[in-house]
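**Q** So that we are looking at the same thing, I have put the structure below in structure tokens.
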Amino acid sequence: MPPAGRRIGDDFADDSDSDVSIFDHGEEDHRAKNKGKGKAIDRRKKDKGKGKAKEQPYAWEASYTRSWDTVQEDEAGSIQGAVQDLIARGRRRRLQAPAAAIRRTIIRHLVLVLDLSSAMMDRDMRPTRFDLMLQYAREFVTEWFDQNPLGQIGVVGMRGGLGERVGEMSGNPQDVLKAISERHKLEPNGEPSLQNAIDMARSSMSHLPTHSSREILIIFGSLTTCDPGNIHDTLEDCVKDRIRISIVALAAEMKICRELCQKTGGQFGVAMNEGHFKDLLFELIPPPAQRAVARANGAPAANPAADLMIMGFPMRLPDTSPPSLCVCHSQMKSEGFLCPRCLAKVCDVPTDCDICGLMIVSSPHLARSYHHLFPVKPYQAVITLDDTPNPSQRCYGCSVAFKETPLAMADCDVFVHDVVHCCPGCGK
């Protein structure tokens, strides 16, 4: 006879443990189902997270530049709209600039101050702040000398709480590029010192004449400055000496940096990414407008009196001329330039003669410096030629008919204003 609570043919059940075993089996089945479902949900979350990481990477996590995100295709799959938008953006920036002639200083003296502190090894800008700074600094020097052929640049570094002279003031771009191309001599270390670097830059420009501009450009990537004294005293000395300080910050805004720029008439900006860093740097290439001198007794400010300058146009010596000693490097060379006053031989122009002190320039350099004083006026967009008397059928810049490639006209507009600096139609 079977025991109580059990029926014949049943595979389970006894009166005490039957319910427990039933629920245990159900819970195990439920856990098994949920376990597989949980794995699938976790897998979907991980894949979703990976997709988000692929779509929106952080700047410090990306190992490449997503240049394709800046140029978007239109519905037809063409990128001409994006190109025209970039060109239009440049034209709008040029239209916002003053079209009238502004008094500017064409003979410029600039000291480029580089932050060589340990903060420049951060990787929020690829490959590092330090490498990117050196790359943009080389491009900046090349473009600066192209648009300011009568200017001179010196280089100062901030490292270990001191200011280091990296390169002497020179009007030869090759000398400046050589000074900042030796990477092993510029390894970042320690903390920067704004006061020491500005004092060193100010001392190197103390002997300059009044008709030349005195500018300091600082690329600053740290959030601290290790100064030996009161930096506000240095700021007052810079204002007294009419030195203009501009700062491009790579980390964040500091009050003392903005104060240095505001009181000296310079520009201040914080770079948000690599492209913005380059834009802020290249905005400082055109010569700044000359500031009016404040008069006493509350009288309105007036422009400083114009000073006459003595310049000499040298005679160029060919390669076949007999070798002679140059006064700049004390080396025997065949080619070079002869000073028109003392007939001393120099290697490159523009420069100052080491014998008589005459400023030696070439006429193309002098002519190329005038385009900042008399810029080409912005062109007006013409929709139709019906109302124009005797219209020209072709572009003066590229000789292409107007109805064929309208994009070429925009290219000519950018080329005339940014490269030629002279209207090909009227020569103005």
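The values are calculated or read from the model by the stated rules, or taken from the named source; none is laboratory data. Keep in mind the model is a prediction, meaning the values are calculated, not measured. Note that we place each Cβ from the backbone using ideal geometry, even for glycine, and neighbour counts take in every protein chain shown. Note: areas computed on protein heavy atoms with side chains; ligands, DNA, RNA excluded. Shrake-Rupley method; radii C 1.70, N 1.55, O 1.52, S 1.80 Å.
**Q** If you go through segment 137-176 one residue at a time, how many are part of a helix (DSSP H, G or I) and either open to solvent by less than 20 Å² (accessible area, probe 1.4 Å) or over 23 Å from Arg368 (Cβ atoms) (or both)? Give the derivation first.
**A** First, pick out the residues of segment 137-176 that are part of a helix (DSSP H, G or I): 137-147, 173-176.
Retained after the next criterion (residues that are either open to solvent by less than 20 Å² (accessible area, probe 1.4 Å) or over 23 Å from Arg368 (Cβ atoms) (or both)): 137, 140-141, 144-145, 176.
Adding up the residues that qualify gives 6.
**Q** Please verify whether Leu208 is surrounded by fewer than 17 Cβ atoms within 10 Å (Cβ to Cβ) and in contact (Cβ under 8 Å) with a residue 24 or more places away in the chain, treating the condition exactly as stated.
**A** Values: surrounded by fewer than 17 Cβ atoms within 10 Å (Cβ to Cβ): yes; in contact (Cβ under 8 Å) with a residue 24 or more places away in the chain: yes.
The answer is yes for Leu208.
**Q** Against the definition (crowded, with 21+ Cβ neighbours inside 10 Å, among the aliphatic types (A, V, I, L, M), in a strand (DSSP E or B) and out of contact with any Pro (no Cβ under 6 Å at 6 or more places or on another chain)), how does Ile198 come out, yes or no?
**A** No: the conditions fail for Ile198.
**Q** Taking the condition of being open to solvent by 80 Å² or more (accessible area, probe 1.4 Å) and modelled with pLDDT of 75 or more, how many residues in segment 394-410 meet it?
**A** Looking only at that region, the number is 2.
**Q** Where the second residue is part of a loop (DSSP other than H, G, I, E, B) and among the charged types (D, E, K, R) and the first is under 24 Å from Pro228 (Cα atoms) and lies in segment 158-179, which pairs have Cβ atoms under 8 Å and are six or more apart or on separate chains?
**A** Pairs that qualify, where the first residue is under 24 Å from Pro228 (Cα atoms) and the partner is part of a loop (DSSP other than H, G, I, E, B) and among the charged types (D, E, K, R), are Gly160/Glu191; Gly161/Glu191.
**Q** Would you mind stating whether Leu208 is over 20 Å from the mean Cα position of the chain (by Cα), under 29 Å from Val349 (Cβ atoms) and not in a strand (DSSP E or B)? Reasoning before the result, please.
**A** Values: over 20 Å from the mean Cα position of the chain (by Cα): yes; under 29 Å from Val349 (Cβ atoms): yes; not in a strand (DSSP E or B): yes.
Yes.
**Q** Being small (Gly, Ala, Ser) and either in contact with a Gly (Cβ under 6 Å, 6 or more places away or on another chain) or closer than 14 Å to Arg108 by Cβ (or both) narrows it down to one of Ser222, Ser212, so name that one. Walk me through how you get there before you give the answer.
**A** Numbers: Ser222 fails: either in contact with a Gly (Cβ under 6 Å, 6 or more places away or on another chain) or closer than 14 Å to Arg108 by Cβ (or both).
When all the criteria are applied, what remains is Ser212.
**Q** Something else about it: In contact (Cβ under 8 Å) with a residue 24 or more places away in the chain and within 22 Å of Arg104 (Cβ to Cβ) - does that describe any residue in segment 340-349?
**A** For segment 340-349, residues in contact (Cβ under 8 Å) with a residue 24 or more places away in the chain and within 22 Å of Arg104 (Cβ to Cβ): present.
**Q** A follow-up question, please. Name the single residue that is nearest to Pro209 (Cα to Cα) among those in segment 341-377 being basic (Lys, Arg) and open to solvent by 30 Å² or more (accessible area, probe 1.4 Å). Steps first, answer last, please.
**A** Narrowing segment 341-377 to residues basic (Lys, Arg): 341, 345, 368, 377.
Next, only the ones that are open to solvent by 30 Å² or more (accessible area, probe 1.4 Å) stay: 341, 368, 377.
Numbers: Arg341: 20, Arg368: 22, Lys377: 32 Å.
Per the criteria, the residue is Arg341.
**Q** Of everything in segment 211-264 that's farther than 18 Å from Leu116 by Cβ and among the hydroxyl-bearing types (Ser, Thr, Tyr), which residue is surrounded by the fewest Cβ atoms within 10 Å (Cβ to Cβ)?
**A** That would be Ser212.
**Q** Take segment 257-286 and flag every residue that is in a helix (DSSP H, G or I), among the aliphatic types (A, V, I, L, M) and modelled with pLDDT under 95. Can you show your working first?
**A** As a first pass, look at segment 257-286 and keep what is in a helix (DSSP H, G or I): 257-264, 274-282.
Narrowing further to those that are among the aliphatic types (A, V, I, L, M): 260, 280-281.
Leu280, Leu281 - these are the residues of segment 257-286 that are in a helix (DSSP H, G or I), among the aliphatic types (A, V, I, L, M) and modelled with pLDDT under 95.
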